[in-house]
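Attaching a single structure in structure tokens format; questions to follow.
Every number here is computed from the coordinates shown, using simple stated rules; none is lab data. No experiment lies behind these values; they were computed from the predicted model shown. Don't worry about glycine lacking a Cβ; one is built from the backbone with ideal geometry, like all the others, and counts go over all protein chains shown.
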Amino acid sequence: MLIAPAFAQDGGGGMGGLEPLIPLVLIFVVFYFLLIRPQQKKAKAHREMIAGLRRGDRVVTSGGIVGQVQRVLGDNELSVQIAEGVRVRVMRTMIAELVAKPEPSRARDADYDDDDDEEYDEDDEEEERRPRRSRSRRRRSERARDDGVDDDDEADDPDEDRR
């Protein structure tokens, strides 16, 4: 007879038994944003880096060997020079890091002319013709401008301050 009243009580849950699943869903959401999503971003960046490897790139293999890509042998292999005259074949997926990309050489056309440049400024040409001043002379001229004295006047008589 004591058991009958316990079965008669209402559970009080308005969600129909979904309350125990809420902590599990919250744990999954936290794991997704802290572990799964960053790992997917890192893997995507690595895939893009591997796909963009070209001749001349300096790379580090997953074994820690630093070298320069000499040839792309196919979709999966690279020829990497690790020392003068020493080349090894490496799988693309074993490239851990791209250290440096070579600077592309700027090819100039035969008909390229500086005068055709829209951003050409005559003041730039004048600056190129002027001899460069030493750092100390530039500082003196800046101080002279701040004091209202011309730099050339100071250069005429250096002993003027001693009198």
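What percent does the relative contact order of the range 52-100 come to when contacts are Cα pairs within less than 8 Å and at least six residues apart?
37 percent
Apply 1/(1 + (r/R0)^6) to the Cβ-Cβ distance of Arg58 and Leu21, taking R0 = 45 Å, and write down the FRET efficiency to the nearest 0.05.
The value I calculate is 0.30.
Right, here's the next one. Label points 7 Å out from Cα along the Cβ direction at Phe33 and Ser79: separation in nm?
That separation, rounded to one decimal, is 5.1 nm.
Amide H of Asp57: which non-local residues (sequence gap of 5 or more, or other chain) have their own amide H closer than 5 Å, using H built in the peptide plane?
Val69
Right, something else. List the residues, sorted by chain then number, that are 5 or more residues from Ile65 or on another chain and whose placed amide H is less than 5 Å from its amide H.
Distant-sequence amide H within range of Ile65: zero hits.
What ranking, highest mean first, results for peptides 51-60, 35-44 when packing means the other Cβ atoms within 10 Å averaged over each residue? All intermediate terms of the calculation are to be shown ahead of the outcome.
Values: 51-60: 14.3, 35-44: 10.4.
Descending mean neighbour count gives 51-60, 35-44.
Tell me, what HN-Hα J-couplings in whole Hz come from the Karplus equation 6.51 cos²θ - 1.76 cosθ + 1.60 at θ = phi - 60° for each residue of the range 46-62, using x for Gly and Pro?
5, 4, 5, 5, 5, 5, x, 5, 9, 4, x, 5, 8, 10, 10, 7, 5
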